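Below: one structure, written as structure tokens.
Each value in this text was obtained by applying a stated rule to the coordinates, not by laboratory testing. Just so you know, these numbers come straight off a predicted model, no measurement behind them. Cβ placement follows ideal geometry from the backbone for every residue including glycine, while neighbour counts extend to all protein chains displayed.
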Amino acid sequence: MIHSLVQQNALVRKTGVFCCLHCWAGLFESLRRWLAVRALGVVLSVGAWVLAGCSPLERADLVLHNGPEPETIDPQILTGQADGRIASALFEGLTRFNPTNGTAMPGLASHWEISSDGLTYLFFLRPEARWSTGEPIEANEVVWSWRRAVTPATAADYASQFFCIRKGRAIVNGELRDASQLGAEALDAHTVRVHLENPTPYFLELMASRVFFPVPRRAVERWGDHWIRAEPLPCSGPYQLLSWRVNDRFRLRRNPQYWDAAQVTAERIDILSGDNPSTALNLFLNGEVDLISDRKIIPGELGPELAARPDFHRFDYLGQDFIRFNTTRKPFQDARVRRAVAMALDRSRITAHITRMGERPSAAVTPAGTGGYQPPAGLSYDPATARRLLGEAGYPEGRGFPAIEYTFNVGSRIYEQTGVEIQSMLREHLGIRVELRPLEWKTYLTEMSALNYDFIRGSWVGDYDDPMTFLDCFLSDSGNNRTGWKDLRYDRLLQAAAAEADPQRRLEILREAETLLVVEAVPVTGLYSHVGLYAADPRKVGGIWPNRMDEHPFFSMRRIRP
Amino acid sequence: MRPWMARLALIPVLLWMVATLSFFLLRAVPGGPFHRERAPASREAEAALKARYHWDEPLWRQYERYLGNVIRGDLGPSLKYRDHSVNDLLGQTVPVSLSLGAMAFGVAIGLGIPLGALAALKRGGWADYAAAGLTLVGVCVPVFVLGPLLVLVFGLWLGWFPVALWGSWQNAVLPTLTLGLYFAARVARWMREGMIEVLRSPHVQTARAKGLSETAVILRHVMPVALVPVISYTGPMLADLLTGSFVVENVFQIPGTGAFFINSFFSRDYTMMMGMVLFYSVLLQVLNLMSDLLLRWVDPRIRS
């Protein structure tokens with residue numbers, strides 16, 4: 001049955017409605033009694049009654065703070081990190097992330113075979129793999145799920161991850177109407193064969209990402225868009241859903257049907273949703289929360305102090321902040337001006353005084369070490385060359401330079417202070433006047449997509465541990481480009497890298513492409529690579545390790561009993 | 001027709017006006033619910049999404065469809081929380097805000113009225129100054145200061161109450177106080193002023209001249225009239241309390257409606273935003289009407 005309300009909600013709802021009635025009845029009653037005797041006790045009884053009506057919730061074995069309420073937990077539709085964490089507690093892919101380093105390890109598939117050209121994968125599903133409702137998870141359900149993900153009507157934002165599978169791109173783009181043409185087939189109940197367009201070195205990691213999770217076909221066919229609210233919800237991961245109250249918590253119970261259930265030691269876990277960092281920190285300090293799994297809900301201004309504590313864990317994270325230039329209008333039409341601005345920025349001033357968490361200053365787009373790759377150094381801080389370039393572009397000492405605006409999204413002290421810092425560095429080194437233009441998030445996104453800006457703050461978090469996840473944003477036809485920059489040379493280099501079977505040679509081609517991107521053409525210039533942070537007392541919580549993917553799988557997470 | 005019946009009949013008209021105005025205003029704001037940092041996988045997928053929510057239709061047609069659904073009681077799917085409908089989200093969060101609001105109302109009335117009355121009766125004495133001081137602090141210290149302060153002292157230092165979350169009576173204490181104290185202070189001020197005025201009026205002197213005991217004078221002849229300004233304030237106050245304060249719910253991570261007031265706009269969750277506007281309009285209208293009716297009942301001058 002579809003959840004109309006989970007059990008606890010029903011309880012709260014009854015209480016609440018009664019509260020409202022009782023409240024008015026109480027008001028009348030209290031007035032009468034007041035006129036007769038005195039009101040205080042009676043009015044307080046309203047509150048007392050309500051309090052008595054609430055029964056406390058028993059503490060779960062493990063309580064996690066997950067950040068904002070997920071927008072959806074449908075693995076194929078979701079995009080947010082908080083959403084993804086819930087989905088990965090409930091569902092699993094053919095592979096799953098190794099909790100120590102974020103690489104792929106066997107999941108629903110016990111093993112696989114890869115053809116010598118790297119283009120064909122054979123996945124062997126575990127015969128014992130079952131949904132929490134008891135039905136077997138079979139190969140045709142995996143293929144059916146993937147076809148659902150690539151069908152444009154599903155509108156999965158991450159469908160682009162299927163571009164590496166044969167015909168994936170054509171189906172997602174609507175050029176091919178028949179999703180069954182996707183290069184994935186069920187050979188028998190337990191074997192899936194996948195044909196790739198190109199050798200994809202990170203394909204096994206992709207198999208662990210949410211959009212590739214098989215979904216329960218029968219539930220989806222029965223309930224359509226609302227299948228995720230089905231009760232009971234068929235789950236394939238280490239946990240199953242017990243209750244879900246919006247902006248409060250997901251309560252999960254160990255899934256006994258999970259193939260690796262023996263490893264899962266916490267019987268019940270609570271995953272809290274909330275977006276106030278101070279509250280999350282209070283809950284953690286008070287011992288009501290065992291783990292804060294998202295940097296965004298750790299108070300930013302306390303970051304450096306907290307990072308020094310033994311229960312806060314800092315790590316290099318697969319994300320990058322950068323500046324996009326609008327290459328379609330003056331003055332950033334001219335690559336020399338873009339390069340001049342990139343070289344006038346002393347990025348270490350931003351990381352040392354503003355972000356303060358040990359972020360690595362970087363003028364590239366890909367964080368160093370992504371998939372074993374070293375990005376080009378980019379245009380490092382060199383005010384003299386910057387001034388010369390600006391002079392060559394026709395603005396000696398910044399004379400005649402039009403008034404420009406630096407656009408950023410509001411909501412973080414860091415973005416605002418970075419804007420001020422950029423403003424002062426450009427005035428100091430180039431004699432350029434910059435106005436700051438803070439915009440609310442959705443307006444910021446709209447203006448960026450419409451190329452209605454001069455230069456603008458940007459950032460990207462990698463979907464998998466490979467430079468391609470950063471670099472393909474700037475392909476000529478990418479919806480994530482948002483700079484107006486189109487260069488066929490760049491597109492061809494990325495194509496060549498994708499087709500390259502030799503991994504070392506492939507990284508070299510990618511490096512060549514990134515050099516074109518951040519040294520030569522510079523539609524974008526990096527600021528710094530992100531740092532991740534999570535909070536967990538190592539004496540209380542085990543089975544969790546920092547890794548650059550920021551993946552902390554639930555199967556290994558456990559509460560250490562004193 | 002009685003005037004209150006006319007007001008009741010006016011509520012649907014008012015709601016229609018509010019719905020229409022907010023529908024078109026919201027659509028005029030730049031950005032949409034599915035505008036994200038990550039571009040859609042393809043134009044085809046984007047078009048499919050628009051078709052699903054009928055955004056490929058002209059705006060007036062969408063308006064017509066929305067209004068039709070609202071009349072049938074369906075506020076539509078939430079555009080941000082895609083696994084939920086607006087009805088479902090309101091169904092989950094409204095009771096929580098109502099509980100919190102009712103308890104805070106108890107604090108506001110239960111503390112405010114005696115405090116105000118005491119101050120008026122002991123006018124110029126220590127009780128008056130103490131009450132004035134307390135109400136001043138109550139009105140001046142903003143909720144976002146009081147909340148964390150209470151958490152710090154009673155949650156983190158003393159460990160008497162949980163620092164946040166919702167589920168047991170212990171959870172409710174700090175947020176109820178945070179939300180209730182401010183309103184208690186305002187109620188106390190209204191009460192004090194109302195009472196001082198009534199204490200001077202001729203009918204109270206007559207009552208005393210009749211030889212009634214002071215208690216009887218106050219309970220029977222002063223209180224009902226002194227309560228008038230308080231009651232006229234309870235309507236909007238209750239609406240404020242019942243819909244929860246964004247700040248209190250945020251500070252204590254309470255799963256009420258408060259968060260949606262602000263966030264549904266920032267995420268351009270049109271349907272949720274409309275749902276909140278309509279819900280708040282209904283609540284405000286009904287509560288205002290009820291406080292008027294209550295006034296008529298308490299104060300005979302209004303009836304005549």
> Put +1 on the Cβ of each Lys and Arg and -1 on the Cβ of each Asp and Glu in the protein assembly as shown; which of A:Asn282, A:Pro375, A:Ala89 then has its Cα farthest toward the positive end of the dipole?
Replying inline: A:Asn282
> Once you list every other residue whose beta carbon is under 14 Å from the beta carbon of B:Val187, what net charge do they have if Lys and Arg are +1 and Asp and Glu are -1?
Replying inline: +1
>> Please report the spacing between the Cα centers of segment A:200-220 and segment A:69-133 in Å, no decimals.
In response: 5
> Once both labels are modelled 7 Å past Cα along the beta-carbon direction, what's the B:Ser201-B:Leu8 spacing in nm?
Replying inline: 2.9
> Are there trypsin sites (Lys or Arg not before Pro) in segment B:204-304 that DSSP marks as loop and that have at most 16 other Cβ atoms within 10 Å, and which are they?
Replying inline: B:Lys210
>> Around B:Gly68, under 15 Å between beta carbons, what's the net of Lys plus Arg minus Asp minus Glu among the other residues?
In response: 0
> If you count the DSSP beta bridges with both ends in the protein assembly as shown, what percent of them are antiparallel, to the nearest 5?
Replying inline: 80
>> Run the simple label-point estimate for A:Arg329 and B:Asp299 please: 7 Å along Cα→C-beta, distance reported in nm.
In response: 5.8
> Hey, got the dipole for chain A? About the Cα centre, +1 on K and R Cβ, -1 on D and E Cβ, debye to the nearest 20?
Replying inline: 1300
> Quick one: if the Förster radius is 56 Å, what FRET efficiency do A:Ala403 and B:Ala127 give, using the C-beta to C-beta distance and rounding to 0.05?
Replying inline: 0.35
> With the Cα gyration tensor of chain A giving a ≥ b ≥ c as the square roots of its eigenvalues, does the rule (a/c under 1.5 for rounded; else a/b larger than b/c for prolate; else oblate) give rounded, prolate or oblate?
Replying inline: oblate
> Among B:Phe266, B:Tyr129, B:Ala108, whose Cα sits farthest toward the positive end of the charge dipole of chain B (+1 at Cβ of Lys/Arg, -1 at Cβ of Asp/Glu, about the Cα centre)?
Replying inline: B:Tyr129
> Tally Lys/Arg at +1 and Asp/Glu at -1 over every other residue whose Cβ is under 12 Å from the Cβ of A:Leu252; what's the total?
Replying inline: +3
> Nearest 0.05, what FRET efficiency do A:Glu135 and A:Met105 give at R0 = 25 Å with Cβ-Cβ as r?
Replying inline: 0.50
>> Counting other C-beta atoms within 10 Å, and keeping those with at most 13, which DSSP coil trypsin sites (Lys or Arg not before Pro) do you find in segment A:143-202?
In response: A:Arg177
> Cα-Cα over 31 Å: which of A:Lys442/A:Lys540; A:Lys486/B:Lys50; A:Lys296/A:Lys330?
Replying inline: A:Lys442/A:Lys540; A:Lys296/A:Lys330
> Any idea how far the Cα center of segment B:170-192 sits from the one of segment A:309-374, in Å?
Replying inline: 48
> Once you average over the residues of B:7-18, how many Cβ atoms of partner chains fall within 10 Å of each Cβ?
Replying inline: 0
>> Starting from the 7 Å offset along Cα-to-Cβ, what nm value, one decimal, do you get for the label separation of A:Val410 and A:Leu122?
In response: 6.0
>> Give the lysines whose C-alpha is closer than 29 Å to that of B:Lys210, dropping any in the same chain fewer than 8 places away, or say none.
In response: B:Lys122
> Stretch A:Val461-A:Phe315 to full length: gain in nm at 0.36 nm per residue minus the Cα-Cα span?
Replying inline: 51.1 nm
